[in-house]
Amino acid sequence: MDIGSAALVVIDMQNGFVNHHSRHAVPAVSDLVAQWTAARRPVVFTRYFNYPDSPYERFFQWRRLQEPPETDIVPELAAAATHAHAVVDKTGYTLLTPEAAELISRAGWTDLVFCGIATESCVLKSAADAFEHGYTPWIVTDACASDAGPDVHDAGLLVARRLIGTGQLVTTDHVIGQLTAYAGAPVLE
């Protein structure tokens with residue numbers, strides 16, 4: 001993991017995705033964001049917005065996350081989102097909207113470290129799209145969750161191993177170790 005060229009991407013940590021299955025990810029993501037920010041590395045938040053007659057409505061009859069408070073970032077992360085490098089709004093699964101692709105390219109990030117909700121959909125799709133666009137994706141497995149439950153989270157990680165590689169799935173401890181090593185590295189000027 002090249003921390004010096006990495007951004008932490010916090011996927012859809014919104015009220016509407018937090019339930020009894022995914023609530024445990026909130027403190028894990030909050031801690032990771034705090035550590036990442038303390039290392040002065042960029043954090044990007046995504047927010048998903050559903051809309052009338054979206055594919056989610058048409059194919060799943062799913063009408064949620066169309067307005068606040070469901071679309072709001074969870075209170076525990078709201079301040080961090082306000083101070084983030086960027087907040088990317090999206091109407092689909094992936095981070096890689098045209099706006100985000102431009103942001104990543106302009107910033108020169110090579111590594112994208114993903115956490116958030118939901119492992120099997122928006123986290124997985126964002127990581128796979130990053131892989132296909134030539135970026136190095138990382139999924140922080142213990143800072144992700146599925147609002148559909150632990151079996152669906154595990155299924156998302158299983159598919160992620162097949163799509164982006166087993167070595168790209170890491171734990172928070174691994175990421176913190178990388179941040180610590182980065183912060184201790186001598187700066188050449």
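The values are calculated or read from the model by the stated rules, or taken from the named source; none is laboratory data. Source: prediction; values computed, not measured. Don't worry about glycine lacking a Cβ; one is built from the backbone with ideal geometry, like all the others, and counts go over all protein chains shown. Protein only, heavy atoms only, side chains kept; ligands, DNA and RNA dropped before computing areas. Shrake-Rupley method; radii C 1.70, N 1.55, O 1.52, S 1.80 Å.
Worth a mention:
- The set of residues in the stretch 101-121 being under 19 Å from G165 (Cβ atoms), part of a helix (DSSP H, G or I) and open to solvent by less than 10 Å² (accessible area, probe 1.4 Å) consists of T119 alone.
- Selection of the stretch 18-38 for residues being touching an Asp or Glu at 6+ places or on another chain (Cβ under 8 Å), open to solvent by 20 Å² or more (accessible area, probe 1.4 Å) and either under 15 Å from G149 (Cα atoms) or of a type outside the set (A, V, I, L, M, F, W, C) (or both) yields V18, N19, H21, P27, S30.
- Residue check for L169: among the aliphatic types (A, V, I, L, M) and free of Cβ contacts under 8 Å to residues at least 12 places away in the same chain: no
- Residue among A84, A155 that is small (G, A, S) and either under 24 Å from A38 (Cβ atoms) or crowded, with 17+ Cβ neighbours inside 10 Å (or both): A84
- Matching entry among F45, F49 (being open to solvent by less than 20 Å² (accessible area, probe 1.4 Å) and free of Cβ contacts under 8 Å to residues at least 60 places away in the same chain): F45
- Of the listed requirements (1) outside any helix (DSSP H, G or I); (2) farther than 18 Å from A7 by Cα, D154 misses just one: (1).
- Test result for Q168, open to solvent by 10 Å² or more (accessible area, probe 1.4 Å), among the polar types (S, T, N, Q), over 21 Å from G92 (Cβ atoms) and in contact with a Pro (Cβ under 7 Å, 6 or more places away or on another chain): yes
- Looking only at the stretch 122-148, and only at residues there that are in a loop (DSSP other than H, G, I, E, B) and under 19 Å from Y48 (Cβ atoms), the one that is most open to solvent (accessible area, probe 1.4 Å): A148
- Residues in the stretch 15-31 that are in contact (Cβ under 8 Å) with a residue 60 or more places away in the chain and either under 13 Å from A81 (Cα atoms) or among the acidic types (D, E) (or both): V29, D31.
- F60 satisfies every condition listed in (1) under 24 Å from A130 (Cα atoms); (2) open to solvent by 70 Å² or more (accessible area, probe 1.4 Å); (3) of a type in the set (A, V, I, L, M, F, W, C) except (1).
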